[in-house]
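Participant: Got a structure for you, written out below as structure tokens; questions coming shortly.
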Amino acid sequence: MLNSNLLRKLDMQDLMVFVAVYEQSSVTGVSEALCVSQSTVSYCLKKLRTSFEDELFINTRTGMRPTYKASTMYTHVLKILESINLCHAGAQAFDPTLQPVTFNICAPEYFEQLILPRLLKSFDFADLPVMVNMHKFETDIPAEDLRDGSLDLVICFGPHLHRSHSDLKSRLLLEDDLVCVFDKRATPLEPRLSLKAFVERRHVFPTPWTSTTNMVDGWLARQAHKRQIIARSNSYSAALKMITGTDFILTLPRRIQQLLANEAIFNHCEAPNGLPGFTLEMQWSQSVDQDSANTWLREQVIKACAEQEMA
């Protein structure tokens, strides 16, 4: 806020005249330097004197001599003009073509299978020297690594599957649901598996992150049911191999099933009614919310997810 209403009448030209008069000590010289008339310079000086309640410049034989107040004001006015120029220029936009850059992303396999290939192809197509280091998603959101800059982005499942952090920003990327996958020779006849049939089958469980709980077993517990897990795999591809030639069941995200489950080997049917779907979300530190490189990376991830939605 301004200390005086008189200051509200000032504009950038007035401040430019102040600096020019201070530096040149001549109204005529200022008029020529700023390409304005001498009467305009005189009018600006009048506004400045009224606004700051000081003579500011005294006309002497050797030129316009600044008062004590004008001398104390000079560096501050220069900073005001410099700040205005910075506001006009804006933050320097990130240009990935200028030099190699490496981004660190923590994400589950789901992201690596579906989104990362699209992301890398777009970088390759544009001939961008961009490298992506992937970090395995563990138990929870690695908030400290986001805060200290060790990670640029975290990709995680939602909604509300992990502890929230007030200083982290979040963006929904896409939605998906779960389907039941079988070896083709052991596929049930019904198009949607009943809850009873679901829990009677033996399950292979691909672990999307290190956790003692997951959305499927959490939902089953709320229905007072439990499934028999005979194997846990580190990847979707390994889990598919584990059910080959068996009557085991594998519950997969629909997009992963469409991508990896070869129709010549596997069939699928709809999951039991009520089994919830999930979201893929992106999180980043509030401290890099306006960072041009991080903003650019987020835009590329959002674009790749939008392409996946349309695929």
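Participant: If we keep just the residues of segment 150-174 that are touching a residue at least 40 places away in the same chain (Cβ under 8 Å) and small (G, A, S), which is farthest from M215 (Cα to Cα)?
Facilitator: S150
Participant: Which fully enclosed helices (runs of 4 or more DSSP H) of segment 231-311 have 3 or more residues being among the polar types (S, T, N, Q)?
Facilitator: Qualifying helices (runs of 4 or more DSSP H): 292-310.
Participant: Just need a number here: residues in segment 103-117 that are of a type in the set (F, W, Y), assigned to a helix (DSSP H, G or I) and over 18 Å from A306 (Cβ atoms).
Facilitator: 0
Participant: Give all pairs with beta carbons closer than 7 Å in which a residue from segment 108-133 that is under 15 Å from P253 (Cβ atoms) meets a residue that is part of a loop (DSSP other than H, G, I, E, B); count only pairs at least 6 apart in sequence or on separate chains.
Facilitator: Matching pairs, first to second residue: P108/F137; P108/P208; P108/W209; E109/P208; E109/S235; Y110/P208.
Participant: Among (1) closer than 22 Å to A239 by Cα; (2) more than 18 Å from the chain's Cα centre (by Cα), where does M134 come up short?
Facilitator: (2)
Participant: Then there's this: Condition first: aliphatic (A, V, I, L, M) and modelled with pLDDT of 95 or more. Now tell me which residues in segment 281-294 satisfy that.
Facilitator: M282 - this is the single residue of segment 281-294 that is aliphatic (A, V, I, L, M) and modelled with pLDDT of 95 or more.
Participant: Of the residues that sit in segment 175-206 and are in contact with a helix residue (DSSP H, G or I) (Cβ under 6 Å, 6 or more places away or on another chain) and at pLDDT 95 or above, which one is surrounded by the fewest Cβ atoms within 10 Å (Cβ to Cβ)?
Facilitator: D177
Participant: Name every residue in segment 15-61 that is among the small types (G, A, S), assigned to a helix (DSSP H, G or I) and under 22 Å from T72 (Cβ atoms), in order of residue number.
Facilitator: Passing the criteria: A20, S51.
Participant: OK, next. Any idea which of (1) in the same structural domain as A304 (by TED's automatic domain parsing); (2) surrounded by 10 or more Cβ atoms within 10 Å (Cβ to Cβ) is the one L81 doesn't satisfy?
Facilitator: (1)
Participant: Let me ask another. Name the pairs: first residue in segment 220-234 and in contact (Cβ under 8 Å) with a residue 24 or more places away in the chain, second residue in a strand (DSSP E or B) and not small (G, A, S), Cβ to Cβ under 6 Å, at least 6 apart or on different chains?
Facilitator: Going by the 6 Å Cβ cut-off, the qualifying pairs are R227/H203; Q228/R202; I229/H203; I229/F205; I230/R202; A231/V204; R232/F205; S233/P206.
Participant: Is it true that some residue in segment 209-222 is touching a helix residue (DSSP H, G or I) at 6+ places or on another chain (Cβ under 8 Å), over 19 Å from F157 (Cα atoms) and surrounded by fewer than 20 Cβ atoms within 10 Å (Cβ to Cβ)?
Facilitator: no
Participant: Let me ask another. Looking at segment 38-61, can you tell me whether even one residue there is crowded, with 17+ Cβ neighbours inside 10 Å and β-branched (V, I, T)?
Facilitator: Checking segment 38-61: at least one residue is crowded, with 17+ Cβ neighbours inside 10 Å and β-branched (V, I, T).
Participant: With respect to P96, determine if the residue is modelled with pLDDT of 85 or more and within 37 Å of the chain's Cα centre (by Cα).
Facilitator: Yes: the conditions hold for P96.
The values are calculated or read from the model by the stated rules, or taken from the named source; none is laboratory data. Treat the numbers as computed from the prediction; the structure is a model and nothing was measured. Here the Cβ is made from the backbone with ideal geometry for all residues, glycine too, and neighbour counts use every protein chain on show.
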